[in-house]
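Asks: Have a look at the structure that comes next, please.
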Ligand code: TRP
């Protein structure tokens, strides 16, 4: 059996550095490792509609935003199938059968769903589609027979749910579906990069995200006003690293060679942190260092994005072709599922034979 990746994002906005260190950067590495036989990257528009039913234009407009961000980061259509979830009707059919394998109380216990219900004030009026999206996510993953799902930590409960469905399906109908492994970012900080204001959640409405497509001056402004240690008033004061957003971002982005390049008086991040904690190192100096690093990382991404923006017909064709291939794969899986469930009535005349031999 081959190694297959499936992952994706909801198209509710442009992608930001949290997506980048939490998943995008890793995907590109996995893609280029050559270790995977098939890679599917999904723009999860149908899932995004589960809590945006009244605003389809928002989802529609963000499909190309996300596709542009994908290509800009280095996802290569020659190696990865980029596709749009709603164009794969097989996913709905799989979800429909999986729904019979999951209880309402199991869905109610899903921590991600619980948190999202709170976040959206859905307590009294949860759309059924939203409530059941962990099941459709299991369909997304299993339809492609994914062995590996690279995601952020917030998606762990979805993967748990998927594995349960796979086990249950295979136990009831015979070995059919592949149980996927989750691949989390290797460092704690990349799993949950805070917003520039230090808040745990990055969100458009809080204005605390650095977008991949953001212009250099904007990035600089956001970094120079980042949340640090509120107790670090004078340069000579000792500073705290814990809860200090600038150091969190350095943990996620800084590599040893950045010191030689931008801050040669320190050998590595440990030395920089030690100096900050001792006192005598100002926030502005650390922020300028971080700015240099992030600008270097995002500059080629922004440039590639601009090039693709000039060629939207190409991006459109990439999505069309990716969706076509994804649909083929999902159809293959659906046929296996129907055969295992023995609802492939017209594949042979067994329906009649079994009726005649019934006891
Ligand atoms: N739930 C994911 C998110 O909110 C998007 C998603 C949908 C996904 N289906 C998936 C991720 C399958 C990984 C695998 O970003």
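Asks: Within the range 164-191, take every residue that is within 18 Å of the chain's Cα centre (by Cα) and surrounded by 15 or more Cβ atoms within 10 Å (Cβ to Cβ) and give me the one that is farthest from the ligand (Cβ to nearest atom). Break it down into steps so the answer makes sense when it comes.
Replies: The initial filter retains those residues of the range 164-191 that are within 18 Å of the chain's Cα centre (by Cα), namely 180-191.
Filter again for surrounded by 15 or more Cβ atoms within 10 Å (Cβ to Cβ), leaving 180, 182-185, 189-191.
Details: 180: 9, 182: 9, 183: 11, 184: 12, 185: 14, 189: 19, 190: 15, 191: 14 Å.
Looking at residues that are within 18 Å of the chain's Cα centre (by Cα) and surrounded by 15 or more Cβ atoms within 10 Å (Cβ to Cβ), I get 189.
Asks: Additional query: List the number of the failed condition for residue 107; all other conditions in (1) surrounded by 13 or more Cβ atoms within 10 Å (Cβ to Cβ); (2) within 13 Å of the ligand (Cβ to nearest atom) hold.
Replies: In the conditions (1) surrounded by 13 or more Cβ atoms within 10 Å (Cβ to Cβ); (2) within 13 Å of the ligand (Cβ to nearest atom), residue 107 misses (2) alone.
Residue-wise test of (1) under 16 Å from residue 330 (Cβ atoms); (2) free of Cβ contacts under 8 Å to residues at least 40 places away in the same chain.
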| position | (1), (2) |
| --- | --- |
| 25 | no, no |
| 42 | yes, no |
| 52 | no, no |
| 56 | no, yes |
| 59 | no, no |
| 62 | no, no |
| 78 | no, yes |
| 82 | yes, no |
| 91 | yes, no |
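Asks: Testing residue 287 on (1) part of a helix (DSSP H, G or I); (2) out of contact with any helix residue (DSSP H, G or I) (no Cβ under 8 Å at 6 or more places or on another chain), one condition comes back false. Which one is that?
Replies: In the conditions (1) part of a helix (DSSP H, G or I); (2) out of contact with any helix residue (DSSP H, G or I) (no Cβ under 8 Å at 6 or more places or on another chain), residue 287 misses (2) alone.
Asks: OK, next. Of (1) within 12 Å of the ligand (Cβ to nearest atom); (2) in contact (Cβ under 8 Å) with a residue 40 or more places away in the chain; (3) assigned to a helix (DSSP H, G or I); (4) buried (at least 18 other Cβ atoms within 10 Å of the Cβ), residue 134 satisfies all except one. Which?
Replies: Among (1) within 12 Å of the ligand (Cβ to nearest atom); (2) in contact (Cβ under 8 Å) with a residue 40 or more places away in the chain; (3) assigned to a helix (DSSP H, G or I); (4) buried (at least 18 other Cβ atoms within 10 Å of the Cβ), residue 134 violates only (2).
Asks: While we're looking at this one, here's another question. Would you confirm whether any residue within the range 325-333 is farther than 19 Å from residue 82 by Cα, modelled with pLDDT of 95 or more and part of a helix (DSSP H, G or I)?
Replies: Our first condition is that a residue be farther than 19 Å from residue 82 by Cα; within the range 325-333, this holds for none.
The answer is no; no qualifying residue exists.
Asks: Consider residue 351 carefully, then state whether it is under 30 Å from residue 265 (Cβ atoms), in a helix (DSSP H, G or I) and over 23 Å from the mean Cα position of the chain (by Cα). Before the answer, list the steps.
Replies: Numbers: under 30 Å from residue 265 (Cβ atoms): no; in a helix (DSSP H, G or I): yes; over 23 Å from the mean Cα position of the chain (by Cα): yes.
The answer is no for residue 351.
Asks: Residue 154: closer than 24 Å to residue 70 by Cβ, within 14 Å of the ligand (Cβ to nearest atom) and either surrounded by fewer than 17 Cβ atoms within 10 Å (Cβ to Cβ) or at pLDDT 95 or above (or both), yes or no? Talk me through it step by step, then tell me what you get.
Replies: Working: closer than 24 Å to residue 70 by Cβ: yes; within 14 Å of the ligand (Cβ to nearest atom): yes; either surrounded by fewer than 17 Cβ atoms within 10 Å (Cβ to Cβ) or at pLDDT 95 or above (or both): yes.
Criteria met by residue 154.
Asks: Scan (1) away from the ligand (no atom under 12 Å from the Cβ); (2) under 16 Å from residue 23 (Cα atoms); (3) crowded, with 17+ Cβ neighbours inside 10 Å; (4) modelled with pLDDT under 90 for the single condition residue 117 breaks and write down its number.
Replies: Going through the list (1) away from the ligand (no atom under 12 Å from the Cβ); (2) under 16 Å from residue 23 (Cα atoms); (3) crowded, with 17+ Cβ neighbours inside 10 Å; (4) modelled with pLDDT under 90, residue 117 breaks only (2).
Asks: Strands (runs of 3 or more DSSP E) wholly in the range 1-95 with at least 3 residues that are at pLDDT 95 or above, crowded, with 19+ Cβ neighbours inside 10 Å and within 11 Å of the ligand (Cβ to nearest atom) - which ones?
Replies: Details: elements: 4-9, 38-43, 81-84.
Fully inside the range 1-95 and qualifying: 4-9, 38-43.
Asks: Another one. Given the conditions (1) surrounded by 15 or more Cβ atoms within 10 Å (Cβ to Cβ); (2) free of Cβ contacts under 8 Å to residues at least 40 places away in the same chain; (3) not in a loop (DSSP other than H, G, I, E, B), which single one is not true for residue 218?
Replies: Unmet condition: (1).
Asks: Between 338, 342, which is farther than 28 Å from residue 81 by Cβ and at pLDDT 95 or above?
Replies: Details: 338 fails: farther than 28 Å from residue 81 by Cβ.
One residue alone meets the criteria, 342.
Asks: For the range 238-267, how many residues meet the condition of being in a loop (DSSP other than H, G, I, E, B) and closer than 21 Å to residue 196 by Cα? Give the derivation first.
Replies: Taking the range 238-267 and keeping what is in a loop (DSSP other than H, G, I, E, B), we get 238-244, 254-256, 263-267.
Narrowing the set further to residues that are closer than 21 Å to residue 196 by Cα leaves 239-244, 254-255.
Residues that pass the stated criteria total 8.
Asks: Confirm whether residue 261 is over 20 Å from residue 20 (Cβ atoms), out of contact with any strand residue (DSSP E or B) (no Cβ under 9 Å at 6 or more places or on another chain) and either without any contact (Cβ under 8 Å) to a residue 40 or more places away in the chain or loosely packed, with under 13 Cβ neighbours inside 10 Å (or both). Spell out the reasoning first.
Replies: Numbers: over 20 Å from residue 20 (Cβ atoms): yes; out of contact with any strand residue (DSSP E or B) (no Cβ under 9 Å at 6 or more places or on another chain): yes; either without any contact (Cβ under 8 Å) to a residue 40 or more places away in the chain or loosely packed, with under 13 Cβ neighbours inside 10 Å (or both): yes.
Yes: the conditions hold for residue 261.
Asks: Is it the case that some residue within the range 187-201 is at pLDDT 95 or above and farther than 28 Å from residue 17 by Cα?
Replies: no
Asks: Considering only residues that are touching a helix residue (DSSP H, G or I) at 6+ places or on another chain (Cβ under 6 Å) and either modelled with pLDDT under 95 or in a loop (DSSP other than H, G, I, E, B) (or both), which ones fall in the range 221-237? Walk me through it before giving the result.
Replies: Applying the first criterion (touching a helix residue (DSSP H, G or I) at 6+ places or on another chain (Cβ under 6 Å)) to the range 221-237 yields 223-224, 226-228.
Selection gives 226, 227, 228.
Asks: Okay, moving on. Can you tell me how many residues in the range 165-199 are in contact with a helix residue (DSSP H, G or I) (Cβ under 6 Å, 6 or more places away or on another chain), under 23 Å from residue 225 (Cα atoms) and assigned to a loop (DSSP other than H, G, I, E, B)?
Replies: Residues that pass the stated criteria total 4.
Asks: Testing residue 63 on (1) touching a strand residue (DSSP E or B) at 6+ places or on another chain (Cβ under 7 Å); (2) closer than 15 Å to residue 144 by Cβ, one condition comes back false. Which one is that?
Replies: Unmet condition: (2).
The values are calculated or read from the model by the stated rules, or taken from the named source; none is laboratory data. Predicted model only: the values in this text are computed from it and were never measured. Note that each Cβ is placed from the backbone with ideal geometry, even for glycine, and that neighbours are counted across all protein chains shown.
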